[in-house]
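Participant: Quick one: this structure, given as structure tokens, is what I'll be asking you about.
Values in this text are rule-based calculations from the coordinates and carry no lab data. From a predicted model like this one, the values you see are computed outputs, not experimental measurements. In this analysis, Cβ positions are derived from the backbone assuming ideal geometry, glycine residues included, and neighbour counts consider all displayed protein chains.
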Amino acid sequence: MREIKKWTKEAESINAIFNDKKWSNKGSIYDAYGKPSAKKVSIWKAIEKRAKETAGYNDDLRVVSRNGYLFSTMYSFTVDGTTYIVYDTKSDTKMTELV
């Protein structure tokens with residue numbers, strides 16, 4: 001997991017995606033695809049497992065973007081009053097502070 005420093009353009013972009021509940025909330029993998037492939041379900045379950053094992057997980061894992069081949073997810077967790085966002089894409093897992 002790669003930590004993105006708060007207040008950078010990349011962190012601002014991640015925060016914008018996370019906070020855009022109207023366009024960036026496709027729900028679960030089943031909501032996003034209806035009948036997802038076994039590969040997509042496997043990836044979703046691995047991310048879901050990691051999220052649930054994260055101390056302070058806020059039970060908010062969701063698909064934030066999708067197409068026929070790829071999807072991205074986000075979830076948050078709170079530790080000592082600070083909330084962090086985890087953003088999973090095909091090629092990277094990023095974490096930044098929610099601002």
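Participant: So which residues in the range 28-46 are within 15 Å of S91 (Cα to Cα), hydrophobic (A, V, I, L, M, F, W, C) and crowded, with 19+ Cβ neighbours inside 10 Å, if there are any at all?
Facilitator: Answer for the range 28-46, where residues must be within 15 Å of S91 (Cα to Cα), hydrophobic (A, V, I, L, M, F, W, C) and crowded, with 19+ Cβ neighbours inside 10 Å: just W44.
Participant: Name the helices (runs of 4 or more DSSP H) wholly inside the chain in which the number of residues that are β-branched (V, I, T) is 2 or more.
Facilitator: Correct list: 9-19, 38-53.
Participant: Just to be sure, is E53 free of Cβ contacts under 8 Å to residues at least 40 places away in the same chain and either exposed (fewer than 11 other Cβ atoms within 10 Å of the Cβ) or among the charged types (D, E, K, R) (or both)? Before you say what the answer is, go through the steps one by one.
Facilitator: Details: free of Cβ contacts under 8 Å to residues at least 40 places away in the same chain: yes; either exposed (fewer than 11 other Cβ atoms within 10 Å of the Cβ) or among the charged types (D, E, K, R) (or both): yes.
Spelling it out, E53 is indeed free of Cβ contacts under 8 Å to residues at least 40 places away in the same chain and either exposed (fewer than 11 other Cβ atoms within 10 Å of the Cβ) or among the charged types (D, E, K, R) (or both).
Participant: May I ask you to list the residues in the range 59-81 that are in contact (Cβ under 8 Å) with a residue 24 or more places away in the chain and among the polar types (S, T, N, Q)?
Facilitator: S65, T73, S76
Participant: Ok, one more. Residues of the range 63-95 being more than 21 Å from E3 (Cβ to Cβ), surrounded by 11 or more Cβ atoms within 10 Å (Cβ to Cβ) and not small (G, A, S), which ones?
Facilitator: Once the filter is applied, which keeps residues that are more than 21 Å from E3 (Cβ to Cβ), surrounded by 11 or more Cβ atoms within 10 Å (Cβ to Cβ) and not small (G, A, S), the range 63-95 yields V63, R66, L70, F71.
Participant: Ok, one more. Please name all residue pairs, on different chains or six or more residues apart, with Cβ atoms under 9 Å, provided the first residue is in the range 1-19 and is on the phi < 0 side of the Ramachandran plot and surrounded by 11 or more Cβ atoms within 10 Å (Cβ to Cβ) and the second residue is assigned to a helix (DSSP H, G or I) and among the basic types (K, R).
Facilitator: none
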